[in-house]
Amino acid sequence: MTSARPVPHASDALLPGEFTLNRDDFRRISQMIYDDSGIKLTEGKAALVYARLAKRLRVLKMQAFRDYCDLVASAEGQGERQEMLTSLTTNVTKFFREPHHFEHLKTQIVTPFVQKGGQGRLRIWSAACSTGQEPYSIAFTLLSAWPGAANHDVKILATDIDRNVLAAAEAGVYAENLLDGVSPEMRARYFEPAGERGQMRVVQAVRRLITFRPLNLVEAWPMQGPFQAIFCRNVVIYFDEPTQQGIWEKFTPRLAADGALYIGHSERVTGPAGQNLRSQGVSTYRLTGGRNR
Ligand SMILES: C[S@@+](CC[C@H](N)C(=O)[O-])C[C@H]1O[C@@H](n2cnc3c(N)ncnc32)[C@H](O)[C@@H]1O
C-alpha cells in the first residue's frame with residue numbers, strides 16, 4: 001500500500017534513513033502503543049522504533065511511516081496493529097533468569113507448602129511470560145522440590161499480551177543453546193529431543209502443569225487467584241509510573257496470605273501497594289499479615 005500524498009520531507013525526519021519517520025509519526029505510534037499496552041516510548045526510542053518497524057514497511061511495500069500510521073489507525077489495519085505491538089515489545093528472557101527468585105520459590109513457598117501436607121490449591125502466575133522460559137523454570141523448580149506435585153491441585157498460569165510469544169511458549173521447543181541456565185539433571189529429566197537437530201522440547205508432564213493465556217496487564221484481569229507466588233518481571237519497566245503503581249495494586253488482592261511477588265532487577269514496588277508488601281531480599285516481596293484470603 002502506498003500513499004497518494006507526497007512523501008514527507010526528509011528535513012522533518014527524526015532520523016536519517018530509507019523511510020521518513022517524523023516527529024508526528026513517532027507521536028502517533030507511541031500513542032497507539034501506549035493505548036494498547038501501557039508501553040511508554042519516548043523520543044529516545046526513535047531508533048529502535050525505526051529499526052523494528054522498517055521491516056514492516058518493507059513487507060508492506062510502503063515508503064513512509066505516515067502511511068504505516070494511517071494503516072494501523074484504521075479499522076482494516078487492526079491485524080497490522082498487532083504486528084506493530086509484537087515488533088515493539090521486548091521479549092528477551094531466559095531459563096532461570098535471576099536464579100535467586102527460583103531458590104526463594106523453592107525454599108519459602110513450595111517446600112513449606114509440602115511440609116504442611118501439600119493439601120489445597122497451589123497457584124503460581126507468570127504475568128509476562130514471553131516465550132515461556134519463566135513459567136517452565138517455575139515448573140522445573142516446583143517438580144524438583146516436589147516430584148509428586150502433578151497429583152495435587154497445582155497449577156501455573158502463564159500470560160502475555162503477545163500471542164506470537166505465547167504460541168512459542170506453549171509449544172515449549174527451544175534450541176539447545178538456549179538451555180544454558182538449566183542444570184544437566186533438569187535437562188535430562190524435563191526435556192526430550194524435538195525431532196529437528198539441536199531442538200529440545202519440554203516434556204508433556206511439565207507442560208500440562210501450565211495454562212497459557214493472553215492477558216494485557218493494562219486491561220481487566222479475569223483471574224482472581226489467590227496465588228502463592230506471582231512473577232511479574234521485566235515488564236512494568238516499560239510502563240509509566242501511574243501504570244506501574246496501578247499494576248502493583250492489582251496484584252496484592254490476588255496474592256494468598258504471605259504470598260510472594262517477584263519483580264525485575266531494575267523495578268521496584270511504588271505507590272499504595274507498598275503498604276501491603278514487605279521486601280524480602282532482592283526484588284522479592286511478601287504480602288503482609290493484615291491481608292489474606
Ligand atoms: C522482557 S519480557 C520479560 C519476560 C520474563 N518475565 C522475564 O523476565 O524473563 C517482557 C514481556 O512483557 C510482555 N508485555 C509487554 N506489555 C505487556 C502488557 N501490557 N501486558 C502483558 N504483557 C506485556 C511482552 O510481550 C514481553 O513478552
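Read the figures in this text as sums done on the coordinates, not as results from a lab. It should be emphasised that the depicted structure is a prediction, and the values quoted were computed from it without experimental measurement. Because the Cβ atoms are built from the backbone with ideal geometry, glycine has one as well, and the counts that use them run over all protein chains shown.
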Exercise. Treating only the Cβ atoms of Lys and Arg (+1) and Asp and Glu (-1) as charged, compute the dipole magnitude of the stretch 161-243 about its Cα centre; round to the nearest 20 debye.
Key: 380
Exercise. Select from PRO193, SER183, ALA220 the residue farthest towards the positive end of the dipole of the stretch 166-242; place +1 on Cβ of Lys and Arg, -1 on Cβ of Asp and Glu, and compute about the Cα centre.
Key: PRO193
Quiz item: Once you wrap a convex hull around the alpha carbon atoms of the stretch 10-88, what is its projected area averaged over all directions, in nm²?
Solution: 4.6
Practice problem: Return the single residue from ARG123, ARG27, ARG268 with maximal mean-square fluctuation; model: Gaussian network over the chain, springs between Cα atoms under 10 Å. | Solution: ARG27
Quiz item: Where does the chain land at 222 nm, in deg cm²/dmol rounded to the nearest 500, when only DSSP H runs of n ≥ 4 count, each adding -39500 (n - 2.57), divided by all residues?
Solution: -10000 deg cm²/dmol
Practice problem: Using a Gaussian network model of the chain whose springs link C-alpha atoms within less than 10 Å, name the residue from GLY117, GLY274, GLY246 with the highest mean-square fluctuation. | Solution: GLY117
Quiz item: With springs only between Cα atoms under 10 Å, which of LYS55, LYS106, LYS40 fluctuates most in a Gaussian network model of the chain?
Solution: LYS55
Quiz item: Once you sort the root eigenvalues of the Cα gyration tensor of the chain as a ≥ b ≥ c, which label holds: rounded (a/c under 1.5), prolate (a/b larger than b/c) or oblate (the other case)?
Solution: prolate
Practice problem: Of the options ILE29, TYR68, LEU41, report the single residue whose Cα projects farthest towards the positive end of the charge dipole of the stretch 10-88 (beta-carbon charges: Lys, Arg +1; Asp, Glu -1). | Solution: LEU41
Quiz prompt | Cα-based reach from LYS116 at 18 Å (exclusive), listing aspartates and glutamates while leaving out same-chain residues under 8 positions away | solution = ASP153, ASP258
Practice problem: Please state the charge dipole magnitude for the chain, taken about the Cα centre, from unit charges on C-beta atoms (+1 on K and R, -1 on D and E), reported in debye and rounded to the nearest 20. | Solution: 720
